[in-house]
1. Filtering region 100-115 down to residues that are free of Cβ contacts under 8 Å to residues at least 24 places away in the same chain and assigned to a helix (DSSP H, G or I), which residue is surrounded by the most Cβ atoms within 10 Å (Cβ to Cβ)?
2. Looking at the structure I just gave you, is residue 58 within 18 Å of residue 33 (Cβ to Cβ) and either touching a helix residue (DSSP H, G or I) at 6+ places or on another chain (Cβ under 6 Å) or surrounded by fewer than 20 Cβ atoms within 10 Å (Cβ to Cβ) (or both)?
3. List the number of the failed condition for residue 62; all other conditions in (1) within 24 Å of the chain's Cα centre (by Cα); (2) touching a residue at least 12 places away in the same chain (Cβ under 8 Å) hold.
4. Is at least one residue of region 8-21 in a helix (DSSP H, G or I), farther than 20 Å from residue 153 by Cβ and in contact with a helix residue (DSSP H, G or I) (Cβ under 7 Å, 6 or more places away or on another chain)?
5. Go through region 67-84 and give me each residue that's in contact (Cβ under 8 Å) with a residue 24 or more places away in the chain and part of a helix (DSSP H, G or I).
6. Run down 82, 70, 87, 97 and say which single residue is surrounded by 15 or more Cβ atoms within 10 Å (Cβ to Cβ), at pLDDT 95 or above and within 24 Å of the chain's Cα centre (by Cα).
7. Taking the stated definitions as given, is residue 119 over 20 Å from the mean Cα position of the chain (by Cα) and touching a residue at least 12 places away in the same chain (Cβ under 8 Å)?
8. Kindly establish whether residue 38 is more than 30 Å from residue 114 (Cα to Cα) and surrounded by 15 or more Cβ atoms within 10 Å (Cβ to Cβ).
């Protein structure tokens, strides 16, 4: 994201009279950055879908308290979904704003390039914050999984091997 932003600073000359050679590179980087952002947040959400389901199944199998294990896992999944949607929407807004500034030379853009730049700065900060929040939630989900796995391994009739 930061590389795309920095390249975007050089898309036009200082007076805004013509597009520089960085225009096409910025366009490609912007599309690639958007797709990678979408993929990263979707993968994080898929992690929560899978681990929440595993914790639910393990909780049912071991007859553990739903309130202690399954419900926090579902809460983490809900939080991850909300955060992913905010990140994806902010990235989409930035891409749409960028497309709105990309017009043939001599034509007026739908929005000023400085607005696109401001939206991009907010998007970078938003995605950074969300990545940190998602990392914290992943750590909490991992602890839940470890706790359930420890309980399952201590049960005499259930053995789950986690190492080769």
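The values are calculated or read from the model by the stated rules, or taken from the named source; none is laboratory data. As the structure is a computational prediction, the values presented were derived from the model and not from experiment. All Cβ positions, even for glycine, are placed from backbone atoms using ideal geometry, and neighbour counts span all protein chains on display.
1. Residue satisfying both the conditions and the ranking: 101.
2. When the stated conditions are applied, residue 58 does not pass them.
3. (1)
4. From region 8-21, those in a helix (DSSP H, G or I) are 8; that's our starting set.
Next, from what is left, pick out any that are farther than 20 Å from residue 153 by Cβ: 8.
Next cut, in contact with a helix residue (DSSP H, G or I) (Cβ under 7 Å, 6 or more places away or on another chain) only: 8.
Looking through region 8-21, at least one residue is in a helix (DSSP H, G or I), farther than 20 Å from residue 153 by Cβ and in contact with a helix residue (DSSP H, G or I) (Cβ under 7 Å, 6 or more places away or on another chain).
5. Applying the first criterion (in contact (Cβ under 8 Å) with a residue 24 or more places away in the chain) to region 67-84 yields 69, 72-73, 76-77, 79-81, 83-84.
Listed by number, the residues that qualify are 72, 73, 76, 77, 79, 80, 81, 83, 84.
6. Criteria check complete, one pass: 87.
7. No.
8. In short, no.
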